[in-house]
Number of protein chains: 4
Amino acid sequence: MPVPQRGQVLVRMMAVSVNFRDTLIAAGKNFRGAVPEDTIPLSDGAGVVEVVGDGVSAWRPGDRVSSTFMPRWLAGGITREKAASVTGTTIDGVLTQWKVFNADEIVRIPDYLSWEEAATLPCTALTAWSVLNGPVPVRAGESVVVLGTGGVALFTAQFASAMGARVIITSSSQSKLERALTLGATDAINYADNPRWHESVLKLTDSNGADHVVETHGPATFETSIASCRMGGQVHVVGTQRNAQIDGSAILRARICLRSVTVGSHEAYYQMNCCLTQHQIRPVIDRTFAFEEAQDAFA
Amino acid sequence: MPVPQRGQVLVRMMAVSVNFRDTLIAAGKNFRGAVPEDTIPLSDGAGVVEVVGDGVSAWRPGDRVSSTFMPRWLAGGITREKAASVTGTTIDGVLTQWKVFNADEIVRIPDYLSWEEAATLPCTALTAWSVLNGPVPVRAGESVVVLGTGGVALFTAQFASAMGARVIITSSSQSKLERALTLGATDAINYADNPRWHESVLKLTDSNGADHVVETHGPATFETSIASCRMGGQVHVVGTQRNAQIDGSAILRARICLRSVTVGSHEAYYQMNCCLTQHQIRPVIDRTFAFEEAQDAFA
Amino acid sequence: MPVPQRGQVLVRMMAVSVNFRDTLIAAGKNFRGAVPEDTIPLSDGAGVVEVVGDGVSAWRPGDRVSSTFMPRWLAGGITREKAASVTGTTIDGVLTQWKVFNADEIVRIPDYLSWEEAATLPCTALTAWSVLNGPVPVRAGESVVVLGTGGVALFTAQFASAMGARVIITSSSQSKLERALTLGATDAINYADNPRWHESVLKLTDSNGADHVVETHGPATFETSIASCRMGGQVHVVGTQRNAQIDGSAILRARICLRSVTVGSHEAYYQMNCCLTQHQIRPVIDRTFAFEEAQDAFA
Amino acid sequence: MPVPQRGQVLVRMMAVSVNFRDTLIAAGKNFRGAVPEDTIPLSDGAGVVEVVGDGVSAWRPGDRVSSTFMPRWLAGGITREKAASVTGTTIDGVLTQWKVFNADEIVRIPDYLSWEEAATLPCTALTAWSVLNGPVPVRAGESVVVLGTGGVALFTAQFASAMGARVIITSSSQSKLERALTLGATDAINYADNPRWHESVLKLTDSNGADHVVETHGPATFETSIASCRMGGQVHVVGTQRNAQIDGSAILRARICLRSVTVGSHEAYYQMNCCLTQHQIRPVIDRTFAFEEAQDAFA
């Protein structure tokens, strides 16, 4: 059991979460370059503070906390310096039973969430929150198109619904669309049936297009995403797309803003937790594995 | 029946609404000075477009519209020029059966609202919307204290709830608090039982105070309102208060922002309508009168 | 001489301005599709109010005014409706000696500018102003890379300098760079000498990249523009680019926001005029033609 | 010589600065309550990093740094928690020759400033910067009224000028007004000659009032400050005013926002330094004392 130094705390990890991004890293296909082989994987995990080092007043044993995706991004805007440390990528991750954190690199988690649920927050939930709360935040009554039903997409639908927006979700799976509707989506478009699904968005939005489009898919859908967005609207892009050629003149013609979203600060995480708690939002978890089965979780 | 000129439309008024402010005007106690005796009263009304003048492409007979509080405030920030025309105050109001409007001085109303309901939107609802959507807008998960259960207060509670905020409502009437809870308020404080009600707010907000306080009462409650607000928070003030001495050092010590809110632009009205429609919010109407009973409505 | 109707004014045009965009329209290469042959060309012009129609209180004979690029975009954000009318494109333009405007479709021009200078404001100057004053406005002390020395680029350099930013201008012409330095640019990069000019930007910005990049060139420079921008920064794109394939994964990796900028509202125009006047900024004019030589101006 | 622990650095203080607030503390008249007698005074100082503790990568010996007013306010908005530590007030200050800081509690200072100049930044300069860069930041071409010629007032004038605003300064001293004009103020009003000086502001602003008013005086001037502000404008209040009764109905009638400004975060400090450096702004220093004369500096 490691010993925390001055300014540090020791956390017993209770649950960790595997994102699509983690599977890319494990497969050597990380978007931002290879990760050294001996790096402890995974950015997202929740646990309990066990030992508090000298000079730490913010935490006590028993506090329920999570890791953070970028431990040095405490608040304010993103900078190169803040983005240099990425848990499980440029620094060791949380797939471990004990972990020493600097005291300012963890965040309190909401009481009502299980360890497994809380373990999904640091990257997936916070990315979704940051999508909706950027320089031009989503406003109640606005329309938000969410592409797909992956982790970020479902959190985006849940948060956008809590924020009072109209949520138009797209998927090729009717059962996933139905689940999204129970999570707060107000309209569902099956793009398998309907490759020109931007026309459905236009129909739903009085021919204007949606105020916000959340693009999580990648190259194949970019043009339709842009075509779904209203003049002056926002297309938020997340994820690990490779080789995404975009027709720049389409962006210009559409007079939109295309925004690459990065996870978020600890302060944004705190604000997200207020929203989670107020609405008792529960993360959607696909499958749970025992610690010994960790390798299977990457499959 | 008046005839609209070029650029104008003739509207048949179907319902008008009496605000507290209108009763002050009628009583010669208007906040901003007396209104000439022969001014047609009331700022808020809804009706149907009957005749469209030359050069007007935005409207057709049959369109359901409302008046606007400041007909020259089309969009953007408030200015002295935009605020110079106030319906029922510096220019004639809507307590009339037929009214000619310039084509850009009316706003479309949501389909699902009755005439009576829509007649409450131009001043009361839009003020509440502007309270919550200012330079520092309310964010989902934030706490909003709403003082009282008057028209603006109830709309504020309804909108803040739709926006995902926690709504703490205060009143001296238990039955009014209970009604507010059915409209979306999440917590209720009876200040009759509890003159130090800011302590209740602190208790509900982890000792921080609320992110936003909506002050509709006036002088007697200012200090407690400020004491209910968190450091760096916003106190939004609406209404017709007179002689409200504020302890300026309290504002400074509290490090808050005290914001005097003015109704809102036609563009804000349009955005509000999107939120109303998305949430099918229904205005709370105290009593309805026939046109012939108009005078009674001011009592 | 045409007669203004109710709500209109008659303006004697004193000077008009030819933008690159106008030459594309004349050549049948307009970015947004062909313009009907009998449309009066040009969006930008300045003149004097000669006759004021009934019901107009905002203007008097002798007022110095200009046309506006999108006459229905009075204030607030862009919408499809506001963008539907474009002077000299979807509606008649200003290459005429007399023009009737609706009273809300013109803007007062600064006293200190000549007619020729004022004629450059409606599209070129206002686009530059909107580049710098968007949802994430340029802040004093930030760095702004401006590509090229065309009309929008030079106004951008002048405004950014007035706003207290560091202005890094790029050009392939040493003499144009030198002129830009006299207009307020603080650093100059000759990209002819230096095709990897983003490295020069990185050197000037402590390896971070610039806070804002103003892209006026088009496809050939997009990738270098993005490479010049700091993490979390803004790339503002203006102009008439065609066939601009952008590497979408570059945007994502760079975690930037790519914003397509549209001219601006009349309210923004008014705010720009305050800045112009405060700093006595003088537009840079290439050449001046007599009315009879109008055709030559398109060459 | 104290020894820095893990996460800390030892700084040799080269200069410290005495603010009006410090004299109040020394006199037992601190705005926010008495400060314990054995607290080391002063919040503002500059020095050189001498020794770097374990685990600190951000600093090296020789780095030029300053203290910060609220060492725990790293970035983002103010909170009760961030505001709990105030240098020289709730924790020991910088009137000392050696000082150990946590590594995240100091900020790099611009190269071009002397130690004495840099010592004025942490509280005085940063407050001025925060006044101008709040939720509704000053825009180039806007008008800013600055009351008086104290430390915050002069920095406000210098920054507002760098940001491209029109700066209207007020003082009762003609020589101080003249100095302010050399620092970037564009207009000067002597309020000794002219107790109704808000009328001068109105005259200078086309009868609208100023976009921003920076109130540093206190109770006696509040009403005139509000009367100098345009409808929808911002009155920023700083300082240590006591017993300032404000006519709340004046705020309401004026439809302004009254904002109590708190110093600022380390991130804001960094942004301010970019502006300082870009414009080579030099702080105005009244008098300099030797360390041994420290007591005289409070007189």
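The values are calculated or read from the model by the stated rules, or taken from the named source; none is laboratory data. None of these values were measured; they are calculated from a predicted model. Ideal geometry is used to build each Cβ from the backbone, glycine not excepted, and the neighbour counts take in all protein chains shown. Just so you know, the surface numbers come from the protein's heavy atoms only, side chains and all, with ligands and any DNA or RNA stripped out. Shrake-Rupley method; radii C 1.70, N 1.55, O 1.52, S 1.80 Å.
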Problem set entry | Vicinal HN-Hα couplings computed from phi for the range D:251-262 (Karplus, 6.51 cos²θ - 1.76 cosθ + 1.60; Hz; Gly/Pro x) | 4, 4, 4, 6, 6, 10, 10, 9, 10, 8, 9, 10
Seminar exercise, completed: Length-normalised contact order of the range C:1-144, Cα under 8 Å, at least 6 apart, in percent, tallies to 31 percent
Exercise. Using modelled backbone amide H atoms (1.01 Å from N, in-plane), which distant-in-sequence or interchain residues come within less than 5 Å of residue D:191's amide H?
Worked result: D:171, D:172
Seminar exercise, completed: So, in nm and shortest first, the distances from residue A:223 to its counterparts in the other copies, with label points 7 Å along Cα→Cβ, work out as 2.1, 6.8, 6.8
Problem set entry | Built amide H within the under 5 Å cut-off of residue A:231, gap 5+ | C:80
Problem set entry | Residue-normalised accessible area of the range A:127-260, expressed per residue, 1.4 Å probe, Å² | 33 Å²
Exercise. With all protein chains present, how much of the accessible area of the range A:3-140 (probe radius 1.4 Å) comes from carbon and sulfur, to the nearest whole percent?
Worked result: 50 percent
Exercise. Looking at the square roots a ≥ b ≥ c of the eigenvalues of the Cα gyration tensor of the range C:127-260, which shape do they give, rounded for a/c under 1.5, prolate if a/b is larger than b/c, or oblate?
Worked result: rounded
Exercise. So what is the relative contact order for the range B:127-260, in percent, with contacts set as C-alpha pairs under 8 Å and at least six apart?
Worked result: 20 percent
Seminar exercise, completed: For the range C:127-260, whose charge dipole is built from +1 on Lys and Arg Cβ atoms and -1 on Asp and Glu Cβ atoms, the candidate among C:221, C:205, C:163 with its Cα farthest towards the positive end is C:163
Seminar exercise, completed: Across B:74-86, the residue-averaged tally of Cβ atoms belonging to other chains within 10 Å stands at 5
For this session: Take the alpha-carbon centre of the range B:63-79, take the same for the range B:251-299, and report the distance between them in whole Å.
Result: 14 Å
Exercise. What are the nm distances, shortest first, from residue D:33 to its equivalents in the other copies, labels at 7 Å along Cα→Cβ?
Worked result: 4.7, 5.1, 6.8
Problem set entry | Residue-wise HN-Hα coupling along the range D:77-92, computed from phi with Karplus coefficients 6.51, -1.76, 1.60 (Hz; x: Gly, Pro) | x, 6, 9, 4, 5, 5, 8, 6, 9, 10, 4, x, 9, 8, 10, 4
Problem set entry | Volume per residue of the C-alpha convex hull in chain D, rounded to whole Å³ | 132 Å³
Problem set entry | Average Cα contact separation per residue, chain B, under 8 Å, 6 or more apart, as relative contact order % | 17 percent
Problem set entry | Cα gyration tensor, the range A:238-299 - rounded (a/c under 1.5), prolate or oblate | oblate
Exercise. What FRET efficiency, computed as 1/(1 + (r/R0)^6) with R0 = 22 Å and r the Cβ-Cβ distance, is obtained for residue B:85 and residue B:298, rounded to the nearest 0.05?
Worked result: 0.45
Seminar exercise, completed: Inter-copy distances for residue C:277, nm, shortest first, label points 7 Å along Cα→Cβ, are 3.6, 4.0, 5.1
For this session: Taking 7 Å along the Cα-to-C-beta vector as the label spot, tell me the residue A:253-residue C:98 distance in nanometres, rounded to one decimal.
Result: 4.0 nm
For this session: Indicate, rounded to the nearest 5 percent, the antiparallel portion of the DSSP beta bridges found entirely in the protein assembly as shown.
Result: 50 percent
Exercise. So what is log10(I(q)/I(0)) for the range A:34-99 at q = 0.11, 0.13, 0.15 1/Å, when the Debye sum runs over its Cα atoms only?
Worked result: -0.31, -0.43, -0.57
Problem set entry | Coil-residue trypsin sites (Lys or Arg not before Pro) of the range D:175-256, DSSP, other Cβ within 10 Å capped at 11 | D:196
Exercise. Given +1 on the Cβ of Lys and Arg, -1 on the Cβ of Asp and Glu, and no further charges, what dipole in debye does chain C carry about its Cα centre, rounded to the nearest 20?
Worked result: 660 debye
Seminar exercise, completed: In the neighbourhood of residue D:276 defined by beta carbon distances under 14 Å, the net charge of the other residues (Lys, Arg +1; Asp, Glu -1) is +2
For this session: Classify the protein assembly as shown as rounded, prolate or oblate, taking a ≥ b ≥ c as the square roots of the eigenvalues of its Cα gyration tensor: rounded when a/c is under 1.5, otherwise prolate if a/b is larger than b/c and oblate if not.
Result: rounded
Exercise. Tell me, which residues of the range A:123-158 get at least 30 Å² less accessible area when the other protein chains come in, versus the chain alone (1.4 Å probe)?
Worked result: A:135, A:139, A:140, A:141
Problem set entry | Loss of accessible area when C meets A, both sides summed, Å² nearest 100, probe 1.4 Å | 3000 Å²
For this session: Would you work out the charge dipole size for the protein assembly as shown about its Cα centre, treating the Cβ of every Lys and Arg as +1 and the Cβ of every Asp and Glu as -1, and quote it to the nearest 20 debye?
Result: 0 debye
Problem set entry | the range D:44-54 - phi-based ³J(HN,Hα) in whole Hz, Karplus 6.51/-1.76/1.60, Gly and Pro as x | 10, x, 10, x, 10, 5, 9, 9, 10, x, 4
Exercise. Of D:29/D:203; B:176/B:203; A:29/A:99; B:82/D:176, which sit over 28 Å apart, Cα to Cα?
Worked result: D:29/D:203; B:82/D:176
Exercise. For residue D:107, which sequence-distant residues (separation of 5 or more, or a different chain) have an amide H within less than 5 Å of its own amide H, given hydrogens modelled in the peptide plane?
Worked result: D:66
